[in-house]
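The values are calculated or read from the model by the stated rules, or taken from the named source; none is laboratory data. Computed from a predicted structure; not experimentally measured. For neighbour counting, all protein chains shown are included, and Cβ atoms are generated from backbone atoms with ideal geometry for every residue, glycine included.
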Amino acid sequence: MIIDMLNDFVHGKLKCDRAQRIIPNIRALADAARKKGIPVFYCNDEHLPLDTYEMKLWGPHAMKGTEGAKVINELTPAESDYIIPKRTYSAFDGTGLDRALKGLYGGKGANTVILTGLHTNMCDRHTAYDAFVRDLDIVVVEDGVDAFTESDHVSGLDYMTKIYGAKVRKASEIIKEIED
Ligand code: ZN
């Protein structure tokens, strides 16, 4: 899963300088997954002005139909990828993502989610909660997720590890495993 790697989150309204380091790692991981037929999901904020809970806190960002809501050029989705628009922190919240995951692999469904994108302590963490309660194993890509500050990033990783049993791995380790 590639969460919120959108213009507004990387370059725009909620610019996160630390996002730069994760872009090549996410790209390499997504390419390796596609080659092996592992589905890639883009989970993208696509807000309406009605989403006052987030508008009040963050101001308008990733508004539906704007440039800011588009995936950054460096990570343009492939035709075979799945695009899941979302309006809250969690990629599962009212999006049908769980149904999509259950339909994978000829209806056998996915048993693991691999999380990348922004932010470790917000959308990644909330998505991890929803994966946890659906009994999915969670892998968080240490160098494929990030947050505004190092402490936000570390606290997010720590929380997902302790509370959801997430495994924290480097992109290169996962790529090696996929390719073997
Ligand atoms: Zn948002």
Legend entry - Given (1) in contact with a Leu (Cβ under 6 Å, 6 or more places away or on another chain); (2) closer than 22 Å to Val140 by Cα, index of the condition Ala62 fails: (2)
Inset, instruction - Collect the residues in the stretch 63-103 that are within 13 Å of the ligand (Cβ to nearest atom), in a loop (DSSP other than H, G, I, E, B) and over 18 Å from Leu115 (Cβ atoms), keeping them in residue-number order. - result: Lys64, Thr66, Arg87
Inset, instruction - Out of the residues in the stretch 9-33 that are within 17 Å of Ile83 (Cα to Cα) and more than 13 Å from the chain's Cα centre (by Cα), state the one that is surrounded by the fewest Cβ atoms within 10 Å (Cβ to Cβ). - result: Asp31
Inset, instruction - Specify the residue that is surrounded by the fewest Cβ atoms within 10 Å (Cβ to Cβ); the eligible residues are those in the stretch 145-160 that are closer than 17 Å to Tyr129 by Cβ and of a type in the set (Ser, Thr, Tyr). - result: Ser155
Inset, instruction - Would you check which residues across the stretch 34-66 are surrounded by fewer than 18 Cβ atoms within 10 Å (Cβ to Cβ) and more than 16 Å from Arg87 (Cα to Cα) and list them? - result: Arg34, Lys35, Lys36, Gly37, Ile38, Pro39
Legend entry - the stretch 111-131 residues that are within 14 Å of Val10 (Cα to Cα), paired with ones that are of a type in the set (Phe, Trp, Tyr) and not in a loop (DSSP other than H, G, I, E, B) (beta carbon under 7 Å, 6 or more apart): Leu118/Phe9
Inset, instruction - Taking the options Arg125, Arg99, Arg87, name whichever one is basic (Lys, Arg), at pLDDT 95 or above and under 12 Å from the mean Cα position of the chain (by Cα). - result: Arg125
Legend entry - Where a residue in the stretch 39-62 is farther than 30 Å from Lys108 by Cβ and hydroxyl-bearing (Ser, Thr, Tyr) and its partner, wherever it lies, is within 12 Å of the ligand (Cβ to nearest atom) and part of a loop (DSSP other than H, G, I, E, B), with Cβ under 9 Å and at least six apart: Tyr53/Thr88
Inset, instruction - Working only within the stretch 88-110, note down all residues that are free of Cβ contacts under 8 Å to residues at least 12 places away in the same chain and either surrounded by 19 or more Cβ atoms within 10 Å (Cβ to Cβ) or out of contact with any Leu (no Cβ under 8 Å at 6 or more places or on another chain) (or both). - result: Gly94, Arg99, Lys102, Gly103, Tyr105, Gly106, Gly107, Lys108
Inset, instruction - Please identify the pairs in which a residue from the stretch 148-163 that is among the acidic types (Asp, Glu) has its Cβ atom under 8 Å from the Cβ atom of a residue that is surrounded by 17 or more Cβ atoms within 10 Å (Cβ to Cβ) and assigned to a loop (DSSP other than H, G, I, E, B), counting only partners at least 6 apart or on another chain. - result: Asp152/His119; Asp152/Thr120; Asp152/Asn121
